[in-house]
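Just so it is clear, none of the values below were taken in a lab; they were calculated from the coordinates. On a predicted model such as this, the values are computed, not experimentally measured, just so you know. Every residue, glycine among them, receives a Cβ derived from its backbone with ideal geometry; neighbour counts consider all protein chains shown.
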Amino acid sequence: MKSIIVDNHLITPSKIVCIGRNYVDHITELGNEIPDEMVVFNKPNSAISSKLLSHHQEQLHYESELCFVIKNGQICAVGFGLDITKRFLQSKLKTKGLPWERAKAFNGSAVFSNFLSIKQDQINETLSLELSINDEIVQRGGIELMIYKPADIIVELKIYTDLEDGDIIMTGTPKGVGLIVEGAYFKGRVLSGANEIVSASWIAS
């Protein structure tokens with residue numbers, strides 16, 4: 001089983017619960033409709049990786065996301081994540097009305113920074129992410145722009161599934177997604193206002 005680091009401790013998530021289409025501008029850039037209900041899909045533990053791949057049977061796309069770890073049924077830690085996507089395959093599956101898992105849940109499709117504990121009152125509209133590639137900022141967004149805020153997401157998920165200690169929630173991506181180019185330098189940051197909480201960097205292989 002794959003692990004993540006929370007406050008310098010190894011934690012093994014049972015699953016990664018992902019929220020799709022949670023930023024209006026991202027929905028628009030992909031030509032999708034704004035959903036009537038929250039879009040949810042899962043990634044397995046085997047998707048977790050510390051390496052950023054540029055290719056896995058096809059060229060891959062990045063989607064940066066604010067990510068939260070669960071403990072005792074509520075958010076306990078925050079980190080930066082990359083939801084790695086096979087966009088061509090996803091588009092083909094969507095056209096046929098089929099599930100997305102093959103395009104979203106493959107090995108290496110969930111890349112995370114370390115996670116840092118966070119207090120409940122810090123989970124507010126000042127919390128955001130920033131992704132730069134080769135020192136150029138390509139994505140910015142956060143709770144302020146989300147259709148479904150973290151508290152709403154937790155309530156909705158608990159209607160149908162148990163959230164185990166260590167599970168990760170990926171809350172969707174803002175506009176600016178794109179191809180991962182081999183050798184590109186990625187840096188992701190989680191911010192509270194202007195203050196950096198956590199960051200990580202990767203070279204795409």
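Using a cut-off of under 19 Å, list every residue of the stretch 173-205 whose amide N is near the label point 7 Å from the Cα of residue 124 along the Cα-to-beta-carbon line.
Backbone N within reach: 190-198.
Where does the Debye-calculated log10 I(q)/I(0) of the chain sit at q = 0.11 Å⁻¹, using only Cα point scatterers of equal weight, no solvent?
-0.45
Please say if the stretch 83-205 is rounded, prolate or oblate, where rounded means a/c under 1.5 for a ≥ b ≥ c the square roots of the C-alpha gyration tensor eigenvalues, and otherwise the choice is prolate for a/b larger than b/c and oblate otherwise?
Cα axes put the stretch 83-205 in the oblate bin.
Hey, what do the phi angles of the stretch 109-119 turn into as Karplus ³J(HN,Hα) couplings, whole Hz, using 6.51/-1.76/1.60 and θ = phi - 60°, x for Gly and Pro?
8, 9, 10, 10, 6, 5, 10, 10, 4, 9, 7
Roughly how big is the chain's charge dipole about its Cα centre, with Cβ charges of +1 (Lys, Arg) and -1 (Asp, Glu), in debye to the nearest 20?
Using Cβ point charges on Lys, Arg, Asp and Glu, the chain gives about 620 debye.
Taking amide hydrogens as modeled 1.01 Å from N in the peptide plane, which residues meet the under 5 Å criterion relative to residue 184, leaving out close sequence neighbours?
Here the answer is 204, since their amide H atoms fall under 5 Å of that of residue 184.
Straight-line reach only, C-alpha to C-alpha below 26 angstrom: list the lysines that residue 158 could link to, leaving out same-chain residues fewer than 8 apart.
Candidates past the 8-residue exclusion: 2, 15, 43, 71, 104, 119, 149.
Amide H to amide H, which residues 5 or more places from residue 197 or on other chains are under 5 Å from it, using H placed in the peptide plane?
The list, which skips near neighbours in sequence, is 190, 191, 192.
In nm, give the distance between the simple-model label positions of residue 134 and residue 147, each being 7 Å from the Cα along the Cα-to-Cβ direction.
Here the answer is 3.3 nm between the modelled labels.
Working out 0.36 nm times the residue gap between residue 199 and residue 14, then minus their Cα-Cα distance, what length gain in nm do you get to one decimal?
Net length gain for the segment: 64.2 nm.
Calculated from DSSP H runs of 4 or more alone, at -39500 (n - 2.57) each and per residue, what is the 222 nm mean residue ellipticity of the chain, nearest 500?
For the chain, the value works out to -3500 deg cm²/dmol.
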